[in-house]
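Asker: Take this structure first; my questions come after.
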Amino acid sequence: MKGLRLIATGGALPGRTVTNEELSRTVDTSDEWITTRTGIRTRHYCTEGENAATLAIAAAKQALQRSGLAPADIACCVCATLSAPDATPSVACQVQAALGLPENRPALDINAACSGFLYGMAVARGMLTTLGGQYALVIGCEALSRLMDPADRSTCVLFGDGAGAVLVEATEEENVGVQNSYLRTDGQGLPFLHMKAGGSVCPPSHFTVDHRLHYLYQEGRTVFKYAVSNMSDITATIAEKNGLNKDNIDWVIPHQANLRIIDAVASRLEVPLDKVMINIQRYGNTSGATLPLCLWDYEKQLKKGDNLIFTAFGAGFTYGAVYVKWGYDGSKR
Ligand code: ACO
(Lines give C-alpha, C1' and ligand atoms only; values in the text may rest on other atoms or scores of the structure.)
Protein backbone atom coordinates (compact mmCIF):
# COMPACT_ATOMS: atom_id res chain seq x y z
CA MET A 1 0.00 0.00 0.00
CA LYS A 2 1.38 3.38 -0.97
CA GLY A 3 -1.41 5.85 -0.44
CA LEU A 4 -4.84 6.55 1.01
CA ARG A 5 -7.45 7.83 -1.42
CA LEU A 6 -10.67 9.51 -0.27
CA ILE A 7 -13.50 8.01 -2.34
CA ALA A 8 -16.87 9.12 -0.86
CA THR A 9 -18.34 11.47 1.73
CA GLY A 10 -21.42 11.47 3.94
CA GLY A 11 -22.87 13.85 6.48
CA ALA A 12 -25.64 14.23 9.03
CA LEU A 13 -27.01 17.11 11.08
CA PRO A 14 -29.51 16.87 13.90
CA GLY A 15 -33.02 18.25 13.59
CA ARG A 16 -32.96 21.40 15.70
CA THR A 17 -31.45 24.62 14.29
CA VAL A 18 -30.54 27.24 16.90
CA THR A 19 -30.06 30.87 15.90
CA ASN A 20 -27.96 33.53 17.64
CA GLU A 21 -31.16 35.36 18.39
CA GLU A 22 -32.52 32.31 20.24
CA LEU A 23 -29.36 32.09 22.38
CA SER A 24 -29.52 35.80 23.15
CA ARG A 25 -32.83 35.11 24.92
CA THR A 26 -31.11 32.81 27.46
CA VAL A 27 -27.62 34.34 27.94
CA ASP A 28 -26.26 37.89 27.83
CA THR A 29 -25.12 37.92 24.20
CA SER A 30 -26.25 39.24 20.83
CA ASP A 31 -26.36 38.20 17.19
CA GLU A 32 -23.97 41.09 16.49
CA TRP A 33 -21.34 39.87 19.04
CA ILE A 34 -21.48 36.25 17.93
CA THR A 35 -21.39 37.07 14.21
CA THR A 36 -18.54 39.58 14.39
CA ARG A 37 -16.40 37.69 16.95
CA THR A 38 -16.91 34.14 15.53
CA GLY A 39 -18.73 34.18 12.16
CA ILE A 40 -21.40 31.80 13.52
CA ARG A 41 -25.08 32.47 12.70
CA THR A 42 -26.75 29.12 13.41
CA ARG A 43 -25.81 25.71 14.78
CA HIS A 44 -27.64 22.36 15.06
CA TYR A 45 -28.51 20.64 18.35
CA CYS A 46 -29.51 17.03 18.92
CA THR A 47 -33.09 16.46 19.93
CA GLU A 48 -34.59 13.50 21.81
CA GLY A 49 -33.20 10.24 20.41
CA GLU A 50 -30.29 11.90 18.59
CA ASN A 51 -26.66 11.69 19.75
CA ALA A 52 -23.14 11.47 18.34
CA ALA A 53 -23.63 7.78 17.47
CA THR A 54 -26.95 8.21 15.62
CA LEU A 55 -25.35 11.03 13.60
CA ALA A 56 -22.24 8.92 12.91
CA ILE A 57 -24.39 6.03 11.70
CA ALA A 58 -26.38 8.29 9.33
CA ALA A 59 -23.23 9.90 7.90
CA ALA A 60 -21.46 6.55 7.51
CA LYS A 61 -24.49 4.98 5.79
CA GLN A 62 -24.51 7.81 3.27
CA ALA A 63 -20.77 7.53 2.55
CA LEU A 64 -21.09 3.76 2.11
CA GLN A 65 -24.08 4.11 -0.19
CA ARG A 66 -22.36 6.81 -2.30
CA SER A 67 -19.23 4.66 -2.63
CA GLY A 68 -21.22 1.74 -4.07
CA LEU A 69 -19.40 -0.62 -1.67
CA ALA A 70 -20.96 -3.29 0.54
CA PRO A 71 -20.55 -3.46 4.36
CA ALA A 72 -18.37 -6.55 3.88
CA ASP A 73 -15.82 -4.43 1.95
CA ILE A 74 -15.03 -2.26 4.98
CA ALA A 75 -11.85 -3.38 6.73
CA CYS A 76 -12.00 -1.00 9.69
CA CYS A 77 -13.95 1.87 11.22
CA VAL A 78 -12.44 4.83 13.08
CA CYS A 79 -14.60 7.43 14.85
CA ALA A 80 -13.13 10.72 16.05
CA THR A 81 -15.24 12.12 18.87
CA LEU A 82 -15.05 13.77 22.28
CA SER A 83 -18.79 13.56 22.91
CA ALA A 84 -19.62 9.86 22.59
CA PRO A 85 -22.98 8.88 24.12
CA ASP A 86 -21.24 6.46 26.50
CA ALA A 87 -17.78 6.46 28.08
CA THR A 88 -17.67 2.90 26.79
CA PRO A 89 -18.38 1.15 24.44
CA SER A 90 -17.29 3.27 21.51
CA VAL A 91 -19.35 4.95 18.82
CA ALA A 92 -17.43 2.88 16.27
CA CYS A 93 -18.89 -0.33 17.79
CA GLN A 94 -22.38 1.11 17.34
CA VAL A 95 -21.58 1.98 13.71
CA GLN A 96 -20.29 -1.57 13.13
CA ALA A 97 -23.55 -3.04 14.42
CA ALA A 98 -25.87 -0.58 12.66
CA LEU A 99 -24.21 -0.89 9.25
CA GLY A 100 -23.67 -4.63 9.54
CA LEU A 101 -19.89 -4.37 9.14
CA PRO A 102 -18.23 -7.79 9.55
CA GLU A 103 -17.36 -8.77 13.13
CA ASN A 104 -13.82 -9.83 12.28
CA ARG A 105 -12.73 -6.23 11.64
CA PRO A 106 -11.53 -3.55 14.09
CA ALA A 107 -13.68 -0.56 15.07
CA LEU A 108 -12.57 2.05 17.59
CA ASP A 109 -12.97 5.66 18.74
CA ILE A 110 -10.14 8.13 19.06
CA ASN A 111 -10.13 11.40 20.99
CA ALA A 112 -7.94 14.10 19.50
CA ALA A 113 -10.64 16.79 19.93
CA CYS A 114 -10.95 19.11 16.93
CA SER A 115 -7.96 17.50 15.17
CA GLY A 116 -9.60 14.07 15.47
CA PHE A 117 -10.49 13.62 11.81
CA LEU A 118 -6.87 14.16 10.70
CA TYR A 119 -5.64 11.76 13.38
CA GLY A 120 -8.39 9.33 12.33
CA MET A 121 -7.15 9.20 8.75
CA ALA A 122 -3.66 8.37 10.00
CA VAL A 123 -5.04 5.62 12.28
CA ALA A 124 -7.09 4.15 9.41
CA ARG A 125 -4.06 4.16 7.15
CA GLY A 126 -2.00 2.43 9.84
CA MET A 127 -4.65 -0.26 10.35
CA LEU A 128 -5.01 -0.93 6.63
CA THR A 129 -1.23 -1.19 6.38
CA THR A 130 -0.73 -3.50 9.35
CA LEU A 131 -3.93 -5.57 9.24
CA GLY A 132 -4.67 -5.54 5.51
CA GLY A 133 -7.92 -4.73 3.73
CA GLN A 134 -8.73 -2.06 1.17
CA TYR A 135 -11.39 0.26 2.56
CA ALA A 136 -11.93 2.10 5.84
CA LEU A 137 -14.56 4.39 7.28
CA VAL A 138 -13.27 7.52 9.00
CA ILE A 139 -15.95 9.43 10.89
CA GLY A 140 -15.98 12.67 12.89
CA CYS A 141 -19.09 12.93 15.08
CA GLU A 142 -20.09 15.21 17.94
CA ALA A 143 -23.00 16.12 20.17
CA LEU A 144 -21.30 19.09 21.84
CA SER A 145 -24.60 20.71 22.80
CA ARG A 146 -24.74 18.05 25.55
CA LEU A 147 -21.33 19.08 26.96
CA MET A 148 -21.83 22.85 27.03
CA ASP A 149 -22.95 24.95 29.94
CA PRO A 150 -26.10 26.61 28.58
CA ALA A 151 -25.52 29.46 31.06
CA ASP A 152 -21.91 30.17 29.96
CA ARG A 153 -22.05 32.68 27.12
CA SER A 154 -18.34 32.27 26.35
CA THR A 155 -18.82 28.64 25.20
CA CYS A 156 -22.50 27.97 24.57
CA VAL A 157 -22.59 30.17 21.46
CA LEU A 158 -19.66 28.38 19.81
CA PHE A 159 -20.46 24.72 19.50
CA GLY A 160 -22.86 22.58 17.49
CA ASP A 161 -23.66 18.95 16.72
CA GLY A 162 -23.08 16.99 13.52
CA ALA A 163 -21.19 14.16 11.84
CA GLY A 164 -19.20 13.71 8.68
CA ALA A 165 -17.87 10.45 7.24
CA VAL A 166 -15.33 9.67 4.56
CA LEU A 167 -14.65 6.33 2.90
CA VAL A 168 -10.96 5.87 2.24
CA GLU A 169 -9.22 3.32 0.05
CA ALA A 170 -5.72 1.88 0.26
CA THR A 171 -4.09 2.42 -3.11
CA GLU A 172 -0.85 1.58 -4.86
CA GLU A 173 -1.08 4.88 -6.78
CA GLU A 174 1.26 7.55 -5.47
CA ASN A 175 -0.21 10.68 -6.99
CA VAL A 176 -3.62 10.53 -5.40
CA GLY A 177 -5.00 10.80 -1.88
CA VAL A 178 -3.03 11.66 1.25
CA GLN A 179 0.38 12.93 0.17
CA ASN A 180 1.80 14.20 3.45
CA SER A 181 0.66 14.53 7.09
CA TYR A 182 1.93 16.54 10.04
CA LEU A 183 0.26 15.70 13.35
CA ARG A 184 1.38 17.50 16.52
CA THR A 185 0.63 17.55 20.24
CA ASP A 186 1.33 20.14 22.95
CA GLY A 187 0.06 18.66 26.21
CA GLN A 188 0.79 21.93 28.05
CA GLY A 189 -2.51 23.11 26.58
CA LEU A 190 -4.65 21.02 28.97
CA PRO A 191 -5.70 23.79 31.42
CA PHE A 192 -7.01 26.04 28.67
CA LEU A 193 -9.58 23.69 27.13
CA HIS A 194 -10.92 20.70 29.05
CA MET A 195 -13.68 19.20 31.14
CA LYS A 196 -12.74 19.56 34.79
CA ALA A 197 -14.98 16.76 36.06
CA GLY A 198 -16.85 13.69 34.93
CA GLY A 199 -13.75 11.58 34.25
CA SER A 200 -11.87 9.29 36.61
CA VAL A 201 -9.89 12.04 38.39
CA CYS A 202 -12.98 13.91 39.47
CA PRO A 203 -15.94 11.56 38.95
CA PRO A 204 -19.45 12.96 38.77
CA SER A 205 -20.90 13.97 42.14
CA HIS A 206 -23.38 16.47 43.54
CA PHE A 207 -20.39 18.81 44.05
CA THR A 208 -19.26 18.62 40.40
CA VAL A 209 -22.78 19.16 39.14
CA ASP A 210 -23.53 22.01 41.58
CA HIS A 211 -20.29 23.73 40.48
CA ARG A 212 -20.94 23.07 36.80
CA LEU A 213 -17.59 21.28 36.46
CA HIS A 214 -18.94 18.64 34.07
CA TYR A 215 -19.19 21.14 31.21
CA LEU A 216 -16.56 21.99 28.60
CA TYR A 217 -14.33 24.79 29.90
CA GLN A 218 -12.34 27.02 27.56
CA GLU A 219 -10.07 30.02 28.10
CA GLY A 220 -11.00 31.39 24.69
CA ARG A 221 -8.41 34.15 24.32
CA THR A 222 -5.46 31.84 25.03
CA VAL A 223 -6.79 29.05 22.82
CA PHE A 224 -7.39 31.59 20.04
CA LYS A 225 -3.74 32.71 20.17
CA TYR A 226 -2.37 29.14 20.01
CA ALA A 227 -4.88 28.14 17.31
CA VAL A 228 -3.87 31.00 15.03
CA SER A 229 -0.12 30.50 15.42
CA ASN A 230 -0.05 26.69 15.33
CA MET A 231 -2.53 26.26 12.47
CA SER A 232 -0.85 29.00 10.41
CA ASP A 233 2.66 27.63 11.03
CA ILE A 234 1.83 23.97 10.32
CA THR A 235 -0.12 24.90 7.19
CA ALA A 236 2.70 27.08 5.88
CA THR A 237 5.17 24.25 6.61
CA ILE A 238 3.21 21.56 4.76
CA ALA A 239 2.72 23.92 1.82
CA GLU A 240 6.42 24.75 1.63
CA LYS A 241 7.57 21.11 1.98
CA ASN A 242 5.28 20.05 -0.89
CA GLY A 243 5.88 22.94 -3.29
CA LEU A 244 2.38 24.33 -2.73
CA ASN A 245 1.54 28.03 -2.86
CA LYS A 246 -1.36 30.38 -3.58
CA ASP A 247 -1.22 29.47 -7.29
CA ASN A 248 -1.49 25.69 -6.99
CA ILE A 249 -3.50 25.23 -3.78
CA ASP A 250 -7.08 24.57 -4.90
CA TRP A 251 -8.71 24.33 -1.47
CA VAL A 252 -7.81 25.00 2.14
CA ILE A 253 -10.03 23.09 4.59
CA PRO A 254 -9.55 24.60 8.04
CA HIS A 255 -11.12 23.49 11.30
CA GLN A 256 -14.21 25.66 11.80
CA ALA A 257 -13.70 27.21 15.26
CA ASN A 258 -13.75 30.90 14.45
CA LEU A 259 -13.93 32.83 11.17
CA ARG A 260 -11.11 35.09 12.40
CA ILE A 261 -8.83 32.03 12.82
CA ILE A 262 -9.79 30.82 9.33
CA ASP A 263 -9.01 34.30 7.91
CA ALA A 264 -5.60 34.31 9.60
CA VAL A 265 -4.66 30.88 8.20
CA ALA A 266 -5.79 31.84 4.68
CA SER A 267 -3.93 35.14 4.70
CA ARG A 268 -0.70 33.48 5.90
CA LEU A 269 -0.93 31.27 2.75
CA GLU A 270 -2.12 34.27 0.68
CA VAL A 271 -5.02 32.07 -0.47
CA PRO A 272 -8.25 34.00 -1.27
CA LEU A 273 -11.32 33.06 0.79
CA ASP A 274 -13.12 31.64 -2.25
CA LYS A 275 -10.61 28.78 -2.09
CA VAL A 276 -11.30 28.15 1.58
CA MET A 277 -14.07 25.79 2.69
CA ILE A 278 -16.24 27.65 5.21
CA ASN A 279 -19.49 26.45 6.79
CA ILE A 280 -19.02 27.75 10.34
CA GLN A 281 -21.81 30.28 9.77
CA ARG A 282 -24.36 27.41 9.59
CA TYR A 283 -22.94 24.70 11.86
CA GLY A 284 -20.72 26.45 14.45
CA ASN A 285 -17.81 24.44 15.80
CA THR A 286 -18.60 20.71 15.53
CA SER A 287 -15.07 19.74 16.68
CA GLY A 288 -14.04 16.41 15.07
CA ALA A 289 -16.86 16.71 12.52
CA THR A 290 -15.93 20.06 10.96
CA LEU A 291 -13.48 18.79 8.34
CA PRO A 292 -15.57 15.90 6.93
CA LEU A 293 -18.66 18.15 7.00
CA CYS A 294 -16.74 20.69 4.87
CA LEU A 295 -15.88 17.96 2.36
CA TRP A 296 -19.51 16.82 2.34
CA ASP A 297 -20.73 20.38 1.68
CA TYR A 298 -18.16 21.24 -1.00
CA GLU A 299 -17.84 17.82 -2.69
CA LYS A 300 -19.59 18.94 -5.90
CA GLN A 301 -16.95 21.66 -6.44
CA LEU A 302 -13.99 19.28 -6.09
CA LYS A 303 -12.15 18.10 -9.19
CA LYS A 304 -9.82 15.17 -9.73
CA GLY A 305 -6.25 16.32 -9.08
CA ASP A 306 -7.18 19.28 -6.86
CA ASN A 307 -4.61 20.11 -4.18
CA LEU A 308 -6.28 20.24 -0.75
CA ILE A 309 -4.70 21.30 2.54
CA PHE A 310 -6.57 20.31 5.70
CA THR A 311 -5.62 21.96 8.98
CA ALA A 312 -6.98 21.68 12.51
CA PHE A 313 -6.35 22.66 16.12
CA GLY A 314 -8.07 21.44 19.27
CA ALA A 315 -8.01 20.50 22.93
CA GLY A 316 -4.82 18.86 24.12
CA PHE A 317 -3.50 20.83 22.41
CA THR A 318 -3.56 18.72 19.25
CA TYR A 319 -3.04 20.15 15.81
CA GLY A 320 -1.97 19.22 12.34
CA ALA A 321 -2.10 19.63 8.59
CA VAL A 322 -2.63 17.09 5.82
CA TYR A 323 -2.02 17.50 2.09
CA VAL A 324 -4.45 15.53 -0.11
CA LYS A 325 -4.60 15.22 -3.89
CA TRP A 326 -8.30 14.76 -4.60
CA GLY A 327 -9.25 11.60 -6.48
CA TYR A 328 -12.56 12.21 -8.32
CA ASP A 329 -14.83 14.82 -9.88
CA GLY A 330 -17.38 15.63 -7.18
CA SER A 331 -19.86 17.04 -9.72
CA LYS A 332 -20.27 13.57 -11.22
CA ARG A 333 -21.44 12.07 -7.90
N1 ACO B 1 -21.50 37.49 23.99
C2 ACO B 1 -21.09 38.69 24.42
N3 ACO B 1 -19.91 38.89 25.03
C4 ACO B 1 -19.12 37.83 25.22
C5 ACO B 1 -19.49 36.53 24.79
C6 ACO B 1 -20.73 36.38 24.16
N7 ACO B 1 -21.18 35.19 23.71
N8 ACO B 1 -18.49 35.67 25.11
C9 ACO B 1 -17.53 36.38 25.71
N10 ACO B 1 -17.92 37.70 25.79
C11 ACO B 1 -17.20 38.83 26.36
C12 ACO B 1 -16.20 38.40 27.41
O13 ACO B 1 -16.84 38.27 28.66
C14 ACO B 1 -15.24 39.55 27.38
O15 ACO B 1 -15.76 40.61 28.12
P16 ACO B 1 -14.76 41.50 29.06
O17 ACO B 1 -13.79 42.11 28.10
O18 ACO B 1 -15.71 42.45 29.70
O19 ACO B 1 -14.12 40.52 29.98
C20 ACO B 1 -15.25 39.98 25.91
O21 ACO B 1 -16.44 39.43 25.33
C22 ACO B 1 -14.06 39.48 25.12
O23 ACO B 1 -13.87 38.10 25.46
P24 ACO B 1 -12.76 37.23 24.77
O25 ACO B 1 -12.79 35.84 25.31
O26 ACO B 1 -11.47 37.97 24.76
O27 ACO B 1 -13.35 37.24 23.28
P28 ACO B 1 -12.62 36.79 21.99
O29 ACO B 1 -12.62 37.89 21.02
O30 ACO B 1 -11.32 36.07 22.27
O31 ACO B 1 -13.65 35.70 21.43
C32 ACO B 1 -13.80 33.30 21.37
C33 ACO B 1 -13.93 34.55 22.23
C34 ACO B 1 -14.82 33.38 20.25
C35 ACO B 1 -14.04 32.07 22.23
C36 ACO B 1 -12.38 33.21 20.76
O37 ACO B 1 -11.43 33.46 21.77
C38 ACO B 1 -12.06 31.90 20.10
O39 ACO B 1 -12.55 31.60 19.04
N40 ACO B 1 -11.15 31.09 20.69
C41 ACO B 1 -10.61 29.89 20.05
C42 ACO B 1 -11.60 28.74 19.97
C43 ACO B 1 -10.90 27.50 19.42
O44 ACO B 1 -10.18 27.54 18.44
N45 ACO B 1 -11.04 26.36 20.11
C46 ACO B 1 -10.26 25.19 19.74
C47 ACO B 1 -11.08 24.11 19.19
S48 ACO B 1 -12.43 23.64 20.22
C49 ACO B 1 -12.13 22.00 20.77
O50 ACO B 1 -11.07 21.43 20.66
C51 ACO B 1 -13.25 21.35 21.46
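The values are calculated or read from the model by the stated rules, or taken from the named source; none is laboratory data. Values in this document were obtained by computation on a predicted structure and should not be read as measured data. Quick reminder, even Gly has a Cβ in these numbers, built from the backbone with ideal geometry, and neighbours come from all protein chains shown. Note: areas computed on protein heavy atoms with side chains; ligands, DNA, RNA excluded. Shrake-Rupley method; radii C 1.70, N 1.55, O 1.52, S 1.80 Å.
Asker: Find out how many positive minus negative residues lie around THR208, taking Lys and Arg as positive, Asp and Glu as negative, among other residues whose Cβ is under 14 Å from that of THR208.
Answerer: Net charge in that neighbourhood comes out at 0.
Asker: I want the local charge near ILE261. Using Cβ-Cβ distances under 12 Å, sum +1 for each Lys or Arg and -1 for each Asp or Glu among the other residues. Please list the in-between numbers first.
Answerer: On the way: positive: ARG37, LYS225, ARG260, ARG268; negative: ASP263.
Local net charge: +3.
Asker: Which of the GluC sites (Glu not before Pro) found in the stretch 169-262 are in a DSSP loop and have at most 15 neighbouring Cβ atoms, other than their own, within 10 Å?
Answerer: Working: sites: GLU169, GLU172, GLU173, GLU174, GLU219, GLU240; in loops: GLU172, GLU173, GLU174, GLU219.
Answer in residue order: GLU172, GLU173, GLU174, GLU219.
Asker: Sticking with this one: Using the Cα centre of the stretch 1-96 as origin and beta-carbon charges of +1 (Lys, Arg) and -1 (Asp, Glu), tell me which of SER67, CYS46, CYS93 is placed farthest towards the positive end of the dipole.
Answerer: SER67
Asker: Here's something else I'd like to know. For the stretch 83-93, what does the Karplus curve 6.51 cos²θ - 1.76 cosθ + 1.60, with θ = phi - 60°, yield as ³J(HN,Hα) per residue in whole Hz, taken in order and with x for Gly and Pro?
Answerer: Result, ordered by residue: 9, 4, x, 10, 4, 7, x, 6, 4, 4, 5 Hz.
Asker: Mind checking the dipole of the stretch 256-333: about its Cα centre, +1 per Lys or Arg Cβ, -1 per Asp or Glu Cβ, Debye to the nearest 20? Each step should come with its number before you reach the end.
Answerer: On the way: 10 positive and 7 negative charges, 39 e Å.
Magnitude of the dipole: close to 180 debye.
Asker: Between the alpha-carbon centers of the stretch 16-83 and the stretch 88-156, tell me the distance in whole angstrom.
Answerer: 14
Asker: Under unit Cβ charges (Lys, Arg +1; Asp, Glu -1), what dipole magnitude, rounded to 20 debye, does the stretch 1-136 have relative to its Cα centre? Numbers along the way, then the final one.
Answerer: Working: 11 positive and 11 negative charges, 126 e Å.
Approximately 600 debye in magnitude.
Asker: A further question on this structure: Keeping all protein chains in place, calculate the accessible area per residue for the stretch 1-137 (probe 1.4 angstrom), answer in Å². Numbers along the way, then the final one.
Answerer: On the way: 5820 Å² over 137 residues.
Heavy-atom SASA per residue in the stretch 1-137 reads 42 Å².
Asker: Can I ask one more? Counting only heavy atoms of protein chains, what accessible area per residue, in Å², does the stretch 225-333 have with a probe of 1.4 Å? It would help to have the intermediate numbers written out before the result.
Answerer: On the way: 3840 Å² over 109 residues.
About 35 Å² of surface per residue is accessible.
Asker: Which of the GluC sites (Glu not before Pro) across the stretch 15-62 are loop residues per DSSP, with 16 or fewer other Cβ within 10 Å?
Answerer: Values: sites: GLU21, GLU22, GLU32, GLU48, GLU50; in loops: GLU48, GLU50.
When the GluC sites (Glu not before Pro) of the stretch 15-62 are filtered for loop state and at most 16 Cβ neighbours within 10 Å, GLU48 remain.
Asker: Output the antiparallel fraction of DSSP beta bridges having both residues in the chain, as a percent to the nearest 5. Walk me through the numbers before you get to the answer.
Answerer: On the way: 41 of 57 bridges.
Antiparallel bridges: around 70 percent, rounded to the nearest 5.
Asker: First compute the accessible area of the chain with a 1.4 Å probe, then give the percent of it belonging to carbon and sulfur atoms.
Answerer: On the way: 7060 of 13970 Å².
It is 51 percent, rounded to a whole number.
Asker: Right, here's the next one. What list of ³J(HN,Hα) couplings, whole Hz, do you get for the stretch 291-306 from phi and the Karplus terms 6.51, -1.76, 1.60, once you set θ to phi - 60° and write x for glycine and proline?
Answerer: 5, x, 5, 5, 4, 4, 5, 9, 3, 4, 8, 7, 10, 4, x, 4
Asker: Just how large is the dipole of the chain about the Cα centre, in debye to the nearest 20, putting +1 at every Lys and Arg Cβ and -1 at every Asp and Glu Cβ?
Answerer: It works out to roughly 300 debye.
Asker: How many angstrom lie between the C-alpha centres of the stretch 183-236 and the stretch 258-304?
Answerer: Result: 23 Å between the Cα centres.
Asker: Still on this structure, please answer the following. With point charges of +1 on the Cβ of Lys and Arg and -1 on the Cβ of Asp and Glu, referenced to the Cα centre of the stretch 264-333, which listed residue (GLY316, GLN301, TYR283) lies farthest in the positive direction of the dipole?
Answerer: Of the options given, the answer is GLN301.
Asker: With n ≥ 4 as the cut-off for DSSP H runs, can you work out [θ] at 222 nm for the chain, using -39500 (n - 2.57) per run divided by the number of residues, rounded to the nearest 500? Write down the numbers at each step before the final one.
Answerer: Working: 11 runs with 108 residues, N = 333.
Rounded to the nearest 500, the figure is -9500 deg cm²/dmol.
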